[in-house]
């Protein structure tokens, strides 16, 4: 059974700082890994999708990496802004087509 | 990627009643997924809904409590039946596959 862990559970940083969020998974037989953002009480917004054959994806100030063999992914956020404050979730899609989510990292960026 | 319209966005319901949540997708999709997110927790898959067949439920979820309809390739409903305060959660529908997943905006349910 796939298990997904996200560290840290919460993170508070001053505006402008670069930061890294971590996601680890137990079963490396994944189809893809997706990073989402969730604002309080809201749905999920997709940030980046990494296919199992890829090593990283970039979108603006966001960069996600994937190391399948070690069961790890990181989400790098450059030059953080208060608007980046949200909960960040990683989801691992197995070949069975079901996504397993981590518990998320709640990020607070202080002005 | 697909765009999903989910409603209602929130509701406050009396215990013992039922609520039906609707998701409309702007394109035809084979599978739709229903998730529950309990307060302070991550998402848990309730069931997978295929058009023209019975939904497939995950361990711990049963059809009598969470009946699902999938009348066509763009629409699905999830009903939360005989509600109790423990059902207070955010419910989300999702579509997708190899190119990633898209989520509806969620239904925030409070049972009093």
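Observations on the structure shown:
- Ranked for footprinting exposure by Cβ neighbours inside 10 Å, fewest first, B:101, A:76 give A:76, B:101.
- Each of residue B:72 and residue B:99 was given a label point 7 Å from its Cα along the Cα-to-Cβ line. The distance between the two points is 2.2 nm.
- Distance histogram for the range B:38-112 (every C-alpha pair counted, 10 angstrom bins, percent rounded to whole numbers): 17, 52, 28, 3
- The per residue volume of the convex hull around the alpha-carbon atoms of the range A:1-82 is 108 Å³.
- With contacts taken as Cα pairs under 8 Å and at least 6 residues apart, chain A reaches a relative contact order of 37 percent.
- For chain A, a Gaussian network of Cα nodes joined below 10 Å ranks A:37, A:61, A:72 by mean-square fluctuation, and the top entry is A:61.
- Peptide B:42-53 shows a mean partner chain C-beta count of 3 within 10 Å per residue C-beta.
- Relative exposure of B:70, B:10, judged by other C-beta atoms within 10 Å (fewest first): B:10, B:70
- Linear extension gain, residue B:50 paired with residue B:27, 0.36 nm per residue minus alpha-carbon span: 6.8 nm
- Cα centroids of the range B:1-50 and the range B:60-92: 7 Å apart.
- The base-10 log of I(q)/I(0) for the protein assembly as shown, evaluated at q = 0.13 Å⁻¹, reads -0.76 [Debye formula, identical scatterers on Cα atoms, solvent excluded].
Bear in mind these aren't lab numbers, they're just calculated from the coordinates by the rules spelled out. Bear in mind that the values here come from a model prediction, so they are computed numbers and not experimental data. So basically every Cβ, Gly included, is an ideal-geometry build from the backbone, and we count neighbours across all protein chains shown.
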